[in-house]
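These notes concern the structure reproduced below.
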Amino acid sequence: MKIALAGNPNSGKTTLFNAITGKAEYVGNWPGVTVEKKEANLKRMYKAVSEKEKACAGNCCKGCNKVRVVDLPGAYSIAPFTSEEAVARDFIIDEKPDVIINIVDASSLERSLFFTTQLLELDIPVVIALNKQDVIRRHGNKIDVEGLSKELNCEIVETIANEGEGLKELIAKATVAANAKTQQAPEFQGKGSPEEDKLRQEYIKGVTKAYLTRSRSSSELTLSDRIDNVVAHSVWGLPIFAFIMWAVYTFSIGGLGGYLSGYLNDTLFGEIVPNAANSFLEGIGVSPLLQALIVDGAIGGVGAVIGFLPLIMLLFFCLALLDDSGYMARVALIMDRYFKRIGLSGKSIIPMIVGSGCSIPGVMAARTIEDDNERRMTVMLTPFVPCGAKLPVIALFAATFFPGATWVLPGMYVIAGCMIVIGGLLLKKILKFESTSIFIIELPQYKVPSLKHAFRQMMEQAKAFIIKAATIILVMNTLVWLMQTYNFRLQVVEDQGASILALVAGVISPLLIPLGFIGWQLAAATLTGFVAKENVVATLAIVLASTSEASLSTPGGPLSQFFNPVTGVAFLVFNLFIPPCFAAIGAMNAELGGRKWLGRAIVFQLGVGYTLAMLITQIGTLLVYGKPAAGFVPAIAIAAALVALVYYLIRRSDNNVEKLEKLPSN
């Protein structure tokens, strides 16, 4: 049996999907959160257990009483306008699910019923989940469920998906409807005529008026409206957003998160775990080389990354609260007026907000943007937003060179915002296109955020972080340790400069001199960062472990041998803005639609990261220390070449436009 969940964006589909399947798919207050269908088995507690399954007691085939639930992207109509609507339509038409559970937002009944009446005409059984009953009750409104059910000729169940209310009854009625396999759509005057959509809307308006009783006029300002007059204001909206983000980052980095991270880095993984591991391994007679691999390579590298886990957990807990409250949807509205000027729209902010957790789903979320050029720009610019994997890098350099400062992490996000604007303007000039899409977003009403939901989101991020540390990062750390221990003859080296890692990284290390980065160790950290950005921290922990007994994040510790505060910021910025990890690059390739555009995106991101780091090092060193930085002369030559290249690309684009304008109109 296959159940399809269909409904408008922000109606609670994914929340209901998570509740009845036990999954933890991302839930957001904007369209495009579910960019492709998600499938999972129905939880056993909602199944009607068959006699056959009782007899076999779970010992027979796995197909007994199997119920698949499919969460479809949000859609306003069966006639697709966006790519996610096309996914929903194609699945319903082609796959023919046994029953459709239509999730209807009870607080926006008239808008939701347009899609409902279309689903009822597809000759597939439909059961309506009248969701968000808590909102209806809070506003004092009332829906005549029995009358509406008779009018639409289908079962309706009142639900509150995030509290689990009504879900057992919903699944039971969906099972009955699937077995009945009959569905009679309601009739309205003018069905099948050229003006069908207009007449359908008039019919729905009459149905809503007949069965929905409002406690107050729809023109009356609500509390959400009054709050929006302040936080979504055309002038004050952006400063308020900046202040809220600063408060979140200060609490996460400088408050409780910073304290817990300091304990993990300096005490737990700096002393307790390594000392205990050394004592245990020496006690069982493990060879010194293997002991060094385990303690310095595995524990030292992974511990350097895990030490920053509290920062990530608290940050995403706070962001989940903001999202669940309905505020982040306002951020998209605020940013729309600014993004339009660089060839994007408010829809582009959604992938960037999603990308703050991980660039991969952020890049994938760009597929909901209809305009091809706008989508490509969004894919190129989204990895500039610091993701969860980059937070340990930021936290490391902040703790080392700016201890106690609360501006470093929010400062990186400000720089990211500036580079998105500058990069957008540059791409707009070079590629010569304007934003043509229309940004429409439904603003959910404000609500008290769910601590349970935020905690679940936080634990999902922590789980993903730990799994990556225990797999990809652990394997990479082992490889890095082996490469810095042996030479190409597989002999143990006393000088790391003669190791395999030093020779491989030494190939690109000269390219980093104009940026003020001297040493193959820094090139090695940059290379491993393409596998996973957390590896930048892990690699530095491994290759610098023997140079100092102090923790990697200790002010004046191992990093101070290679960086001063200016070059430390430059190295941090360099690793934030060059291309993301290989997995995210793969997602970029899928969304850009070809290697040609992927190549352009990688070159663009490399150019931005390299240029910005070079400018910070060279200009910052002159201003702070009053003398040129290393590689000053090559930096001037590279800067001149980059300016000439950008000028050439813009002029070539202008010439191409002029040629097209001169062509005959026919």
(request) Let me know the charge dipole size of the chain about its Cα centre in debye, to the nearest 20, where only the beta-carbon of Lys, Arg (+1) and Asp, Glu (-1) is charged. (result) 520 debye
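Would you mind checking 2/173; 205/447; 38/66; 38/447 for any pair whose Cα atoms are more than 21 angstrom apart? Kindly include the intermediate steps, with their values, before the conclusion.
Numbers: 2/173 14 Å; 205/447 27 Å; 38/66 16 Å; 38/447 27 Å.
Checking Cα-Cα distances, 205/447; 38/447 exceed 21 Å.
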(request) Starting from the amide H of residue 165, placed 1.01 Å from N in the peptide plane, find each other amide H under 5 Å away whose residue is 5 or more places distant or on another chain. (result) 160
(message) If amide hydrogens are placed 1.01 Å from N in the peptide plane, which non-local residues have theirs closer than 5 Å to the one on residue 126?
(response) 100
(message) In whole Hz and in residue order, list the ³J(HN,Hα) couplings for the range 93-107 that follow from phi through the Karplus curve 6.51 cos²θ - 1.76 cosθ + 1.60, θ = phi - 60°; x for Gly and Pro.
(response) 6, 7, 7, 6, x, 5, 7, 10, 9, 8, 7, 10, 6, 4, 7
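As a footprinting exposure proxy, order 371, 324, 144 by other Cβ within 10 Å, with the fewest listed first. Provide the component values of the computation, followed by the final result.
Numbers: 371 19, 324 23, 144 13.
With the sparsest Cβ surroundings first, the list reads 144, 371, 324.
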(request) Work out from phi, with θ = phi - 60° and the Karplus expression 6.51 cos²θ - 1.76 cosθ + 1.60, the ³J(HN,Hα) of each residue of the range 325-334, listed in order in whole Hz, and give x for Gly and Pro. (result) 6, x, 6, 5, 5, 5, 4, 4, 5, 4
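Sorting 271, 155 on the 10 Å Cβ count, fewest up front, what's the list?
On the way: 271 11, 155 18.
Fewest-to-most Cβ neighbours within 10 Å comes out as 271, 155.
Run through every distinct alpha carbon pair of the range 332-426 and return the Kirkwood hydrodynamic radius in angstroms, one decimal place.
Values: mean 1/r = 0.0727 Å⁻¹.
For the range 332-426, inverting the mean 1/r across all distinct Cα pairs yields 13.8 Å.
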(message) Straight-line reach only, C-alpha to C-alpha below 19 angstrom: list the aspartates and glutamates that residue 463 could link to, leaving out same-chain residues fewer than 8 apart.
(response) 25, 534
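Please work out how much length the chain gains when fully extended from residue 77 to residue 530, using 0.36 nm per residue of separation minus the C-alpha to C-alpha distance, in nm with one decimal.
Numbers: separation 453, 0.36 × 453 = 163.08 nm, distance 4.14 nm.
Contour length minus the Cα-Cα distance gives 158.9 nm.
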(request) Read through the labelled values [x] 84, 76, 46; [y] 91, 79, 51; [z] 93, 67, 45 and report the label of the one computed as Cα extents along the principal axes in Å from the structure. (result) [x]
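Using the 10 angstrom Cβ neighbour count as an exposure proxy, how do 468, 452 rank, fewest first?
Details: 468 18, 452 11.
Lowest to highest Cβ neighbour count: 452, 468.
Read-outs throughout are calculated quantities, based only on the coordinates presented, and are distinct from any laboratory measurement. Bear in mind that the values here come from a model prediction, so they are computed numbers and not experimental data. Ideal geometry is used to build each Cβ from the backbone, glycine not excepted, and the neighbour counts take in all protein chains shown.
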